[in-house]
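Data block below; observations after.
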Amino acid sequence: MLLNWLDIRLARLGLAVALLAITTLALMPAHDVPITSGWDKLDHWGAFFTLAALLDRSSYCRLFWRRTLPLLVAYGIGIEVAQYFTPDRDADVFDVIADSIGILVYGGLRQLLLLFIPRAE
């Protein structure tokens, strides 16, 4: 929705790259992570805002609240479960909350845009 200017094929490529990068960064030892804002929760928020935007643009299905939101929250939970079993990483419910906030902020902006451009759906 917010990335309508982006070609769907590029959005799909960006989504694949983002998923690979986020999964890799989430499962590598915490002290080796090369990219960070300095605040873990902001990193989660930004990553999942980006994933929500890319998944929304790359999907033919526009059921954001019924499909995209639950799918990305499940992915965030999956990362935390994997971190529980990864040495030097810890699962944190607050990370899932930060992930969800990123998704919800994107969804809120998406809804606001739909109010002004109703045919964009």
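When the residues of the stretch 37-85 are filtered to those that are surrounded by 14 or more Cβ atoms within 10 Å (Cβ to Cβ) and among the β-branched types (Val, Ile, Thr), which remaining residue is nearest to Asp99 (Cα to Cα)? Filtering the stretch 37-85 for residues that are surrounded by 14 or more Cβ atoms within 10 Å (Cβ to Cβ) and among the β-branched types (Val, Ile, Thr), the one nearest to Asp99 (Cα to Cα) comes out as Val73.
The residue of the stretch 3-36 that is modelled with the highest pLDDT, among those that are exposed (fewer than 11 other Cβ atoms within 10 Å of the Cβ) and within 22 Å of Ala82 (Cβ to Cβ), is Leu20.
Out of Leu115, Leu69, one residue alone is among the aliphatic types (A, V, I, L, M), assigned to a helix (DSSP H, G or I), within 22 Å of Ala26 (Cβ to Cβ) and at pLDDT below 95. It is Leu69.
Picking from Asp95, Asp56, which residue would you name as being touching a His at 6+ places or on another chain (Cβ under 6 Å), touching a residue at least 12 places away in the same chain (Cβ under 8 Å) and part of a helix (DSSP H, G or I)?
Values: Asp56 fails: touching a His at 6+ places or on another chain (Cβ under 6 Å).
Exactly one residue qualifies, and that residue is Asp95.
The set of residues from the stretch 13-48 being part of a helix (DSSP H, G or I) and among the aromatic types (Phe, Trp, Tyr) comprises Trp45, Phe48.
Answer yes or no: is there a residue in the stretch 86-94 that is at pLDDT below 95, surrounded by 17 or more Cβ atoms within 10 Å (Cβ to Cβ) and of a type in the set (Ser, Thr, Tyr). Looking for residues that are at pLDDT below 95, surrounded by 17 or more Cβ atoms within 10 Å (Cβ to Cβ) and of a type in the set (Ser, Thr, Tyr), one finds none in the stretch 86-94, hence no.
The values are calculated or read from the model by the stated rules, or taken from the named source; none is laboratory data. Not measured: the values here are computed from a predicted model. Every residue, glycine among them, receives a Cβ derived from its backbone with ideal geometry; neighbour counts consider all protein chains shown.
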